[in-house]
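The structure appears below as structure tokens.
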2 protein chains.
Amino acid sequence: MVKIRDIAELAKVSPATVSRVLNGRGGVSLSKKKRVLAAIAETGYRPNEIARSLYKKSSRIIGYVIPSILNIFLSEIGRAIEEEAFDNGYKVILCNTDESPEKESAYIDMLVSMNADGIIIISNNDSLEAEVRECPIPVVVLDQKIDARHFAASVQADNFQGGYLAAEHLVRCGCRHIVHMRGPQKYISGVERFRGYLTACEKYRREPAYIDCGYDFESGLACSRELLKRFPEADGILASSDMTALSLYKVLCERGTRVPDEMMIVGYDNIRLSTLSTPELTTIAQPVEKIGRLAVKLLIGPARSRTNCQPVSILPVSLKIRQTTKIKP
Amino acid sequence: MVKIRDIAELAKVSPATVSRVLNGRGGVSLSKKKRVLAAIAETGYRPNEIARSLYKKSSRIIGYVIPSILNIFLSEIGRAIEEEAFDNGYKVILCNTDESPEKESAYIDMLVSMNADGIIIISNNDSLEAEVRECPIPVVVLDQKIDARHFAASVQADNFQGGYLAAEHLVRCGCRHIVHMRGPQKYISGVERFRGYLTACEKYRREPAYIDCGYDFESGLACSRELLKRFPEADGILASSDMTALSLYKVLCERGTRVPDEMMIVGYDNIRLSTLSTPELTTIAQPVEKIGRLAVKLLIGPARSRTNCQPVSILPVSLKIRQTTKIKP
């Protein structure tokens, strides 16, 4: 980690001079200023935004860094991000990390060095927080707790409400044994939906039961088979996502279990496939359009100054009742 | 379109001097060289690769420009592109044009100005050919005819073979009235698959019948309804993609038509969803992994020199027989 002191030593000036150059204040000779800028370039030091604005204009580029381009929900958010960005004269670069901390770090560095105006990121890497803290350009984090809030804003859907609404709906349909395929507990979405599910179970006096699951359909297949083995009494299942709800439906079909007569399913996300599948999925709709547009507004709007602590934005979700649930006769 | 002459005039030097600067030859005074570089910056002139390499190193970035991030097939190719790129020390930037020529042009300009090492693009915009011809960095075009082949390479799956294999399979299953939901005729994939379908119809003496369709599932829904109205005798359907095959299945379910007993379906692409859906789709598998990796190899390998005419690479496809077709008793 390069410090101002290192720059000063290399440029043969005092740290105060480096600071004056970085902050655009006067009183520095041209030759000293040149030496400081050369030292910055040589060390790869990433100066803060004020400093960068001295010698480089806005690139009008926003980076969208995600763990998987195969996740349709993230693609749908990406589309909303892009629309809001283009409406405001910005371009969007999508970077896929495949959940690798190395790729994530490489992409953040790339975006910084190309002078992007901001980064919207979704990540489950432990290294994210340190990276966001160090990052000299504004960052909006989706679906993640970030303590370094004065450096970044956070946009989330109301996952607690979603888990609660889904479980309550299964109760109202008449389900006695409601099992939750809970999402990864490293994501705030996984934690909060599970908490919502537990709260509904407590209120309606259902015994909580759950199994750990990912968000993709492969993990949904394995998890569904395990669930049906472990909880043969289940009559209602809250899936971790629409994709895993589709996996579950597939496994139930293989076993000849009828949906919704013998088993009810609630998905999560309201991706477009949830209405394409047959039967159509009852699911929790996340405000995809709002999430994407708000993330961009936080980056390019006045909030960008980041001098004040950014609040965490939590957007409401809603229940979409379709064909995988019905009120028991 | 800025020419060397314009640069020369602005920099108050001769065109030969501009050329010497661009080609890195000596004999140009520092002050003249500076004026030429300033004029290049001012006019937005995009010098050729040799010239750029004079003052900028490789960025180790590859751009992947696509018409929709909601198209799962393109995301799957993107993943292969990224794996091959990372294996070779390159990063991938994904740009979504939403089929807009303006966005496409803006992203190509952005990639050029950030000194990307190459662009992999899929597009149906008429402006693409001119853009590829002008583009100072290497381009690989997927699923598209590009006449300016000395500027770019083209990678395609064997769409003719795919259309033929699918139709032949429906014939062998015993279908008498095979209808094709043909893809957009602005894409080579749409044209070639249709040609393959027609060739199989001719060989096996089936009356060709088709309806125009997109590749996404919304267009598949509308097209399926129209098809069943227009061709009530249909007993086998070759969809334009797996997504539209899923739309078709949905519409058939609504009408109570049993698959495959009363209607057989062959999809196209072999996206992962084709095995997740219930029933699983019989489909044509495109070599996604190979397409993505080959596109990257063409950009970063020795072929990059682009001094010779690049061949069009056509990769073989295969039939995956699953649950939406069966041999009639």
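The values are calculated or read from the model by the stated rules, or taken from the named source; none is laboratory data. Please read these numbers as outputs of a predicted model, since none were measured by experiment. Note: ideal-geometry Cβ built from the backbone for every residue, glycine included; neighbour counts use all protein chains shown.
Screening residue B:193 against (1) within 14 Å of another protein chain (Cβ to nearest Cβ); (2) in a helix (DSSP H, G or I) leaves a single unmet condition, (1).
Conditions (1) within 14 Å of another protein chain (Cβ to nearest Cβ); (2) in contact (Cβ under 8 Å) with a residue 60 or more places away in the chain; (3) within 20 Å of residue B:191 (Cα to Cα), marked per residue:
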site	(1), (2), (3)
B:206	no, no, yes
B:216	yes, yes, yes
B:220	yes, no, yes
B:227	no, no, yes
B:230	no, no, no
B:234	no, no, no
B:246	yes, no, no
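For segment A:227-257, residues that are of a type in the set (D, E, K, R) and within 21 Å of residue B:273 (Cα to Cα) total 4.
Suppose the filter is in contact (Cβ under 8 Å) with a residue 40 or more places away in the chain, closer than 30 Å to residue A:60 by Cα, more than 14 Å from every other protein chain (Cβ to nearest Cβ) and of a type in the set (Gly, Ala, Ser); does residue A:295 pass it?
On the way: in contact (Cβ under 8 Å) with a residue 40 or more places away in the chain: yes; closer than 30 Å to residue A:60 by Cα: yes; more than 14 Å from every other protein chain (Cβ to nearest Cβ): yes; of a type in the set (Gly, Ala, Ser): yes.
Answer is yes for this residue.
For segment A:212-233, residues that are closer than 22 Å to residue A:171 by Cα, surrounded by fewer than 18 Cβ atoms within 10 Å (Cβ to Cβ) and in contact with a helix residue (DSSP H, G or I) (Cβ under 8 Å, 6 or more places away or on another chain) total 1.
Residue-wise test of (1) within 21 Å of residue B:263 (Cβ to Cβ); (2) of a type in the set (Lys, Arg).
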position	(1), (2)
B:158	no, no
B:161	no, no
B:165	yes, no
B:172	yes, yes
B:179	yes, no
B:197	yes, no
B:216	no, no
B:227	yes, no
B:242	yes, no
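Of the strands (runs of 3 or more DSSP E) lying entirely inside segment B:73-189, those containing at least 1 residues that are more than 10 Å from chain A (Cβ to nearest Cβ) and within 14 Å of the chain's Cα centre (by Cα) are B:118-121, B:139-142, B:152-157.
In this structure, is residue A:65 under 22 Å from residue A:125 (Cβ atoms), crowded, with 21+ Cβ neighbours inside 10 Å and more than 9 Å from every other protein chain (Cβ to nearest Cβ)? Yes; evaluated as a whole, the condition is true for this residue. Tell me whether segment A:258-268 contains one or more residues that are within 23 Å of the chain's Cα centre (by Cα) and not β-branched (Val, Ile, Thr). Yes, segment A:258-268 contains at least one residue that is within 23 Å of the chain's Cα centre (by Cα) and not β-branched (Val, Ile, Thr). Remark: pairs (first residue in segment A:275-289, closer than 9 Å to residue A:318 by Cα; second residue assigned to a loop (DSSP other than H, G, I, E, B) and among the polar types (S, T, N, Q); Cβ separation under 7 Å; 6+ apart in sequence or on different chains) = A:283/A:270; A:284/A:270; A:285/A:270; A:286/A:270.
Which residues, taken from segment B:271-287, are assigned to a loop (DSSP other than H, G, I, E, B) and either closer than 14 Å to residue A:273 by Cβ or within 14 Å of chain A (Cβ to nearest Cβ) (or both)?
Keep residues of segment B:271-287 that are assigned to a loop (DSSP other than H, G, I, E, B), which gives B:271-272, B:277-281, B:286-287.
Within segment B:271-287, B:271, B:272, B:277, B:278, B:279, B:280, B:281 meet the criteria.
What are the residues in segment B:6-53 that are part of a loop (DSSP other than H, G, I, E, B) and modelled with pLDDT under 75, if any? Even if it seems obvious, please write down each step before you answer.
If we filter segment B:6-53 for residues that are part of a loop (DSSP other than H, G, I, E, B), which is where we start, we get B:12-14, B:23-29, B:44-48.
B:23, B:24, B:25, B:26, B:27, B:44, B:45, B:46, B:47, B:48 - these are the residues of segment B:6-53 that are part of a loop (DSSP other than H, G, I, E, B) and modelled with pLDDT under 75.
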